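The values are calculated or read from the model by the stated rules, or taken from the named source; none is laboratory data. Treat the numbers as computed from the prediction; the structure is a model and nothing was measured. Quick reminder, even Gly has a Cβ in these numbers, built from the backbone with ideal geometry, and neighbours come from all protein chains shown.
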Amino acid sequence: EPEVTQTPSHQVTQMGQEVILRCVPISNHLYFYWYRQILGQKVEFLVSFYNNEISEKSEIFDDQFSVERPDGSNFTLKIRSTKLEDSAMYFCASRMLRGATNEKLFFGSGTQLSVL
Amino acid sequence: QKEVEQNSGPLSVPEGAIASLNCTYSDRVSQSFFWYRQYSGKSPELIMSIYSNGDKEDGRFTAQLNKASQYVSLLIRDSQPSDSATYLCAVSGNTGKLIFGQGTTLQVKP
């Protein structure tokens, strides 16, 4: 089965530093997502991306966050100035179609971000 | 605020029993309903999807949807210790964005 690849699997950073989380979605997919999960809490939607622009974002996705698809294969999430509360597992996901019936959303294995 | 509610558990069942997991959602226009399994530290893994009222069976798993009651359930027959995990209910509308519940922890005891 095709896979969404995320790197790194673990990222440790100091508060106030910028981090970039990287994802390689499945090659023929068109819709891309970032979700996060703080330890012990629910998986939360951050942002969706289609046709090189954000199609929807949550209240969590403030000015400190940005996404980019720089080269047609990678999909990145940047946090400009990390805070302690940004510590979480970040999941990238992709699908071919927007929300078609019977269409599976493929999740990557996640990047565990720890902000010290 | 669109919500998906689950009992966090833990739900403990003996091996071989039926595990019943429940979920309610607040947004009446939700179109698609999913059950994911998540092991600790891992990504969600899709196990069932359901789109219309009624039951949908796949092996040992049966998903049930009642849109009038805004209720989704998952039954796991012949539960195995390897089924021990957190089960996430997720709901989406026409944008494809998933809204997750907090998950129910299932423990299957040998």
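Can you confirm whether B:SER92 is without any contact (Cβ under 8 Å) to a residue 24 or more places away in the chain, within 8 Å of chain A (Cβ to nearest Cβ) and touching a strand residue (DSSP E or B) at 6+ places or on another chain (Cβ under 6 Å)? If you could, list the steps in order and put the result at the bottom.
Numbers: without any contact (Cβ under 8 Å) to a residue 24 or more places away in the chain: no; within 8 Å of chain A (Cβ to nearest Cβ): yes; touching a strand residue (DSSP E or B) at 6+ places or on another chain (Cβ under 6 Å): yes.
No; evaluated as a whole, the condition is false for this residue.
Restricting to region B:1-25, what's the tally of residues that are surrounded by fewer than 16 Cβ atoms within 10 Å (Cβ to Cβ), away from chain A (no Cβ under 14 Å) and either closer than 24 Å to B:GLY96 by Cα or among the β-branched types (Val, Ile, Thr) (or both)?
At the first step, the residues of region B:1-25 found to be surrounded by fewer than 16 Cβ atoms within 10 Å (Cβ to Cβ) are B:1-3, B:5, B:7-10, B:12, B:14-18, B:20.
Those still in the list that are away from chain A (no Cβ under 14 Å) too: B:12, B:14-18, B:20.
Now restrict to residues that are either closer than 24 Å to B:GLY96 by Cα or among the β-branched types (Val, Ile, Thr) (or both): B:18.
So the count comes out to 1.
What single numbered condition from (1) surrounded by fewer than 21 Cβ atoms within 10 Å (Cβ to Cβ); (2) β-branched (Val, Ile, Thr); (3) under 25 Å from B:TYR87 (Cα atoms) fails to hold for A:THR76?
Every listed condition holds for A:THR76 apart from (3).
Among the numbered criteria (1) in contact with a Pro (Cβ under 8 Å, 6 or more places away or on another chain); (2) surrounded by fewer than 17 Cβ atoms within 10 Å (Cβ to Cβ), which single criterion is violated by A:PHE32?
Failed condition: (2).
Quick one: would you say A:SER73 is at pLDDT below 95, of a type in the set (Gly, Ala, Ser) and over 10 Å from the mean Cα position of the chain (by Cα)?
Working: at pLDDT below 95: yes; of a type in the set (Gly, Ala, Ser): yes; over 10 Å from the mean Cα position of the chain (by Cα): yes.
Here the answer is yes, as A:SER73 does meet what is asked.
Restricting attention to region B:95-110, which residues are more than 14 Å from chain A (Cβ to nearest Cβ) and surrounded by 17 or more Cβ atoms within 10 Å (Cβ to Cβ)? Please lay out each step first, then the result.
Filtering region B:95-110 down to residues more than 14 Å from chain A (Cβ to nearest Cβ) leaves B:106-110.
Those that are more than 14 Å from chain A (Cβ to nearest Cβ) and surrounded by 17 or more Cβ atoms within 10 Å (Cβ to Cβ): B:LEU106, B:VAL108.
Can you find a residue in region A:95-105 that is closer than 20 Å to B:THR95 by Cα, of a type in the set (Gly, Ala, Ser) and surrounded by 17 or more Cβ atoms within 10 Å (Cβ to Cβ)?
Yes, region A:95-105 contains a residue that is closer than 20 Å to B:THR95 by Cα, of a type in the set (Gly, Ala, Ser) and surrounded by 17 or more Cβ atoms within 10 Å (Cβ to Cβ).
Taking the options A:SER48, A:SER9, A:SER81, A:SER27, name whichever one is surrounded by fewer than 17 Cβ atoms within 10 Å (Cβ to Cβ) and closer than 26 Å to B:SER92 by Cβ. Even if it seems obvious, please write down each step before you answer.
Details: A:SER48 fails: surrounded by fewer than 17 Cβ atoms within 10 Å (Cβ to Cβ); A:SER9 fails: closer than 26 Å to B:SER92 by Cβ; A:SER81 fails: closer than 26 Å to B:SER92 by Cβ.
The unique qualifying residue is A:SER27.
Restricting to region A:28-38, count the residues that are part of a loop (DSSP other than H, G, I, E, B) and at pLDDT below 95. Full working, then the answer.
Step one: list which residues in region A:28-38 are part of a loop (DSSP other than H, G, I, E, B), which gives A:28-30, A:38.
Filter again for at pLDDT below 95, leaving A:28-30.
Final tally of qualifying residues: 3.
Do we find that A:VAL43 is under 22 Å from B:THR95 (Cβ atoms) and in contact (Cβ under 8 Å) with a residue 12 or more places away in the chain in this structure? Full working, then the answer.
Values: under 22 Å from B:THR95 (Cβ atoms): yes; in contact (Cβ under 8 Å) with a residue 12 or more places away in the chain: yes.
Yes.
Being within 14 Å of chain A (Cβ to nearest Cβ) and of a type in the set (Ser, Thr, Tyr) is the filter here; which residues of region B:72-89 pass it?
Once the filter is applied, which keeps residues that are within 14 Å of chain A (Cβ to nearest Cβ) and of a type in the set (Ser, Thr, Tyr), region B:72-89 yields B:THR86, B:TYR87.
Return the residues of region B:53-71 that are among the hydrophobic types (A, V, I, L, M, F, W, C), farther than 20 Å from B:ALA17 by Cα and away from every other protein chain (no Cβ under 14 Å); say none if nothing qualifies.
Filtering region B:53-71 for residues among the hydrophobic types (A, V, I, L, M, F, W, C) gives B:61, B:63, B:65, B:68.
Now drop any that are not farther than 20 Å from B:ALA17 by Cα, which leaves B:65, B:68.
Passing the criteria: only B:ALA68.
So is A:SER55 more than 9 Å from chain B (Cβ to nearest Cβ), among the small types (Gly, Ala, Ser) and either part of a loop (DSSP other than H, G, I, E, B) or within 15 Å of B:LEU98 (Cβ to Cβ) (or both) or not? Steps first, answer last, please.
Numbers: more than 9 Å from chain B (Cβ to nearest Cβ): no; among the small types (Gly, Ala, Ser): yes; either part of a loop (DSSP other than H, G, I, E, B) or within 15 Å of B:LEU98 (Cβ to Cβ) (or both): yes.
For A:SER55, the condition - more than 9 Å from chain B (Cβ to nearest Cβ), among the small types (Gly, Ala, Ser) and either part of a loop (DSSP other than H, G, I, E, B) or within 15 Å of B:LEU98 (Cβ to Cβ) (or both) - is not met.
Hey, B:GLY54 hits all of (1) touching a strand residue (DSSP E or B) at 6+ places or on another chain (Cβ under 8 Å); (2) surrounded by 12 or more Cβ atoms within 10 Å (Cβ to Cβ) but one; which does it fall short on?
Tallying (1) touching a strand residue (DSSP E or B) at 6+ places or on another chain (Cβ under 8 Å); (2) surrounded by 12 or more Cβ atoms within 10 Å (Cβ to Cβ), B:GLY54 fails exactly one: (2).
B:VAL13 versus (1) touching a residue at least 60 places away in the same chain (Cβ under 8 Å); (2) in contact with a Cys (Cβ under 9 Å, 6 or more places away or on another chain); (3) not polar (S, T, N, Q): which is the lone unmet condition?
It fails just one condition, (2).
Of all residues being outside any strand (DSSP E or B) and among the hydroxyl-bearing types (Ser, Thr, Tyr) in region A:60-116, which is farthest from the other protein chains (Cβ to nearest Cβ)? Just the residue, please.
The first filter runs over region A:60-116 and keeps only residues outside any strand (DSSP E or B), leaving A:60-64, A:69-74, A:80-87, A:96-105, A:108-110, A:116.
With the extra rule that they be among the hydroxyl-bearing types (Ser, Thr, Tyr), the set shrinks to A:73, A:81-82, A:87, A:101, A:109.
Details: A:SER73: 20, A:SER81: 26, A:THR82: 21, A:SER87: 14, A:THR101: 5, A:SER109: 5 Å.
Result: A:SER81.
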